[in-house]
Amino acid sequence: MSTIKPQSRVPGHILGYPRIGDKRQTKLALEHYWKGKKDKATTQAALAEVFTTNIQDQIDAGLDIITTGDFAHYDLVLSQAVAFGVQPTRFKGAKTLDTFERQFYFARGRDHTGQYEDNAAWQMTKWFDTNYHYLVPELEADEDFSNTDFTHIFKQVSDVKAVIQKSGQTDKALKVVLVGPVSFLYLATSKLDDKLEHLDKLLPVYADLLNQLGEQGVDWVQMDEPILSLDLDGRWQQAFERAYNGLQQTPPQLIVANYFDSLGNNCNIACNLPVSGIHIDITRSSQPKQYVTQVIDHLPSHKLLSIGVVDGRSVWITDQARAQDILLEANERLNTYHNQPKSGDGKDNERLWVGSGSLLLHLPVDLTSEEVPENLKGKLAFAKQKLSEVVICAKLATGELQPDVTATDISLTPTQSAAQSRDGVFKDRYAKQQEKLNLPLLPTTTIGSFPQTAEIRKARRQWYNGELSDSDYQDAMKAEIRQCVTDQEELGLDVLVHGEAERTDMVEYFAQYLDGFWLAKNG
């Protein structure tokens, strides 16, 4: 007889954590290494320190499942491609480089060791609808994924185990993040007309990696398959069934994670994959409660559902009242069955997990390092604060806690501004512009920003540090602007730009002069 009752305890987890460091330690360490200011050992020690902090943050927050495998020097797609032995033939000699150097070679087009000639770097493109970028793997027509090296993945596993052991909280389950096989192929380029022809050779690599992770005591592997949010044709939908049918016998347990949007037409396919569970991101849904109901209706009764209720892309705190309304009902509907999946530590693992909607790397790291204005206090949560929100929401799902935050707690009172509309009619303004400027039919110009030179960065740094007066800094920027305008005049451009030498970036520069905006120092 099945036992059917609401789940009394709900595990909390995240999909991934920022690897840049709360003060950009990772970025600075890699740049210093690239410029020859630090050796490899010193650089890797700095990276290891950020990694350890990331794991400790999860433990300290009280998450039940600790996530690793997401710590990459550039991005997860690049590091995984290198681990899988992807090496375009145009990068001569890349096989002789270790995986650390090879990532630099592919990402920057230059071998940092100086052994091999420069090359065009891998294409960089946006990760779905975010402003995060990833490096696009280049697959040869005869790609066999034979030169695999999983060292960095296994090192993260051993390192996180050491951190957990040192913390004394050995009851934590361990989850490793991988880009799933279908999304990996979809996001890559190939010399084959049909990228799916690579799948048969790619699956054994995943199987080998999963088997070794199981041998190392990893409880769960999170397979990121964000393309399940896209409108896929039948061939790509069938590729999911083919891929996960080929991996279903491998340890550890698999959870397929989708984020940034709903599953849409791929809901039935995702729910019925031969895996232990799926993760959905409800923070991007206009009707999250209905979305959860739809997924539960399609989900077989032996599978778990991880609900991403804490927004991984928004700095605003979570509406706990809304979250509890969704999670309580989901908990009641999913219940606990006698054939529930088992966790790697031998304990029964319930059918409901609570997590972040997506990876948290799209957020600033830590709010405690900021001076938050009064009207925003209690309304913001950066990545580190989101960890605690996940733990709170997991307790809201069982009724152990009652919500402290509602939508009204998050809302702000809008400032009154004297917004103005432009007077006149466009054709009249255009005629006056033409009369004054006398531009040709097709004027030439540039997009706007000129490069931020070493001299500009040095002057700005000295100004920030009080080593350069306001007037001297302004004179330095004006000199840069004069040179920029002179260059354009000599080129014969019609519409000139001033090059924006004084700007750090477009968003920050304008926001600091506008009412209603607050700028974080370390955001």
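For the condition crowded, with 22+ Cβ neighbours inside 10 Å, more than 23 Å from Arg284 (Cβ to Cβ) and among the hydrophobic types (A, V, I, L, M, F, W, C), what is the one hit in Leu213, Leu196, Leu228?
Every option except Leu213 fails the conditions.
Take the residues in the stretch 486-498 that are surrounded by 13 or more Cβ atoms within 10 Å (Cβ to Cβ) and out of contact with any Leu (no Cβ under 7 Å at 6 or more places or on another chain); name whichever of them is nearest to Gly448 (Cα to Cα).
Val497
Outside any loop (DSSP other than H, G, I, E, B) and either more than 26 Å from Asp111 (Cβ to Cβ) or not small (Gly, Ala, Ser) (or both): is that true of Leu78 in this structure?
It is true that Leu78 is outside any loop (DSSP other than H, G, I, E, B) and either more than 26 Å from Asp111 (Cβ to Cβ) or not small (Gly, Ala, Ser) (or both).
Table: residues versus (1) in contact with a strand residue (DSSP E or B) (Cβ under 9 Å, 6 or more places away or on another chain); (2) of a type in the set (Val, Ile, Thr); (3) farther than 30 Å from Ala381 by Cβ; (4) surrounded by 11 or more Cβ atoms within 10 Å (Cβ to Cβ).
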| position | (1), (2), (3), (4) |
| --- | --- |
| Gln474 | no, no, yes, yes |
| Cys484 | no, no, yes, yes |
| Glu500 | no, no, yes, yes |
| Val507 | no, yes, no, yes |
| Tyr513 | no, no, no, no |
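Free of Cβ contacts under 8 Å to residues at least 12 places away in the same chain and over 24 Å from Val176 (Cβ atoms): which single residue out of Thr89, Thr113, Thr96, Thr125 fits that description?
None of the others qualify; the one that does is Thr125.
Yes or no: Glu371 of a type outside the set (Ser, Thr, Tyr) and in a loop (DSSP other than H, G, I, E, B)?
The answer is yes for Glu371.
Ala454 - would you say it is in the same structural domain as His498 (by TED's automatic domain parsing) and surrounded by 10 or more Cβ atoms within 10 Å (Cβ to Cβ)?
Spelling it out, it is not the case that Ala454 is in the same structural domain as His498 (by TED's automatic domain parsing) and surrounded by 10 or more Cβ atoms within 10 Å (Cβ to Cβ).
So, of the residues in the stretch 146-173 that are of a type in the set (A, V, I, L, M, F, W, C) and in contact with a strand residue (DSSP E or B) (Cβ under 6 Å, 6 or more places away or on another chain), which turns out to be nearest to Thr96 (Cα to Cα)?
That would be Val160.
Limited to the stretch 259-310, what total is found for residues that are under 21 Å from Lys175 (Cβ atoms) and touching a residue at least 60 places away in the same chain (Cβ under 8 Å)?
Summing the residues that are under 21 Å from Lys175 (Cβ atoms) and touching a residue at least 60 places away in the same chain (Cβ under 8 Å) in the stretch 259-310 gives 12.
Show the residue pairs meeting these rules: Cβ distance below 6 Å; 6+ apart or different chains; first residue within the stretch 48-74 and free of Cβ contacts under 8 Å to residues at least 60 places away in the same chain; second residue surrounded by 21 or more Cβ atoms within 10 Å (Cβ to Cβ) and of a type in the set (Phe, Trp, Tyr).
Asn54/Tyr17
If I filter the stretch 98-125 down to residues being in a loop (DSSP other than H, G, I, E, B) and either among the aliphatic types (A, V, I, L, M) or at positive phi (or both), which single residue comes out as nearest to the chain's Cα centre (by Cα)?
Ranking the qualifying residues of the stretch 98-125, first place goes to Ala121.
Among the residues of the stretch 329-367, which ones are over 20 Å from Arg284 (Cβ atoms), of a type in the set (Val, Ile, Thr) and modelled with pLDDT of 95 or more?
Val365 - this is the single residue of the stretch 329-367 that is over 20 Å from Arg284 (Cβ atoms), of a type in the set (Val, Ile, Thr) and modelled with pLDDT of 95 or more.
Within the stretch 406-450, how many residues turn out to be among the aliphatic types (A, V, I, L, M), modelled with pLDDT under 90 and within 30 Å of Ile326 (Cα to Cα)?
Number satisfying all stated conditions: 2.
Restricting to the stretch 461-500, what's the tally of residues that are among the polar types (S, T, N, Q) and over 30 Å from Leu441 (Cβ atoms)?
Of the residues in the stretch 461-500, 5 are among the polar types (S, T, N, Q) and over 30 Å from Leu441 (Cβ atoms).
If we scan the stretch 15-37, do we find a residue that is crowded, with 18+ Cβ neighbours inside 10 Å, over 19 Å from the mean Cα position of the chain (by Cα) and either among the β-branched types (Val, Ile, Thr) or not assigned by TED's automatic domain parsing to the domain that holds His302 (or both)?
no
The values are calculated or read from the model by the stated rules, or taken from the named source; none is laboratory data. Keep in mind the model is a prediction, meaning the values are calculated, not measured. When we count neighbours, we look across all protein chains shown, and the Cβ atoms used for this are built from the backbone with ideal geometry, even at glycine.
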